[in-house]
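Visitor: A single structure is presented below for examination.
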Amino acid sequence: MQELTPPENATTPSISLTAPEPVREIQKSEADQMVKLDDSQIPELDAKVDAFVDHVINNSVHSAEFQQNVQSIHNLGTKEIRESAQVSNRMLDLPAKSLNDSLFDNSPIAKSLTELRGIVEDLDPSKKS
């Protein structure tokens, strides 16, 4: 196994990391104003929400309609989550050697991360032949 070594250029100033300010707590009275909607769409959206809630309340929890409603709630955002995961997976599929020239500059941190990535790839049992 390859041993990690610190960067050769010791004259590089050390990096100082500072935590960002904490996110301000949002009051309930402010939350409904954060997403701006067209005033003409609000009655239509309210009607859809009311119809959905009535449909859920009036169906037995064992009915197919209720199960369909639960599934539709579960599926909200599934497509977006899947697409985001695919982007991450494509980045992870790149060999570490290609990252050295494209994503990172030639900073010591980038070199160390690329080296670490190479070590992890070497240890991956699925890549052994």
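Visitor: Could you give me the ³J(HN,Hα) list for the range 27-43, computed from phi with Karplus coefficients 6.51, -1.76, 1.60 and θ = phi - 60°, whole Hz, x at Gly and Pro?
Guide: Going residue by residue, I get 6, 4, 5, 8, 4, 6, 9, 6, 9, 7, 10, 5, 4, 6, 8, 4, x Hz, with x marking Gly and Pro.
Visitor: Residue by residue through the range 69-77, which ³J(HN,Hα) values in whole Hz follow from phi under the Karplus form 6.51 cos²θ - 1.76 cosθ + 1.60 (θ = phi - 60°), with glycine and proline marked x?
Guide: Karplus values, whole Hz, x for Gly and Pro: 5, 4, 5, 5, 5, 4, 7, 4, x.
Visitor: Once the Cβ-Cβ distance between SER40 and ILE15 is put in as r, and R0 is 41 Å, what FRET efficiency do you end up with, to the nearest 0.05? It would help to have the intermediate numbers written out before the result.
Guide: On the way: r = 51 Å, r/R0 = 1.25.
Plugging the Cβ-Cβ distance into 1/(1 + (r/R0)^6) gives 0.20.
Here, each number is a calculation from the coordinates, and none is a lab measurement. Not measured: the values here are computed from a predicted model. Glycine also receives a Cβ, built like all others from the backbone with ideal geometry; neighbour counts cover every protein chain displayed.
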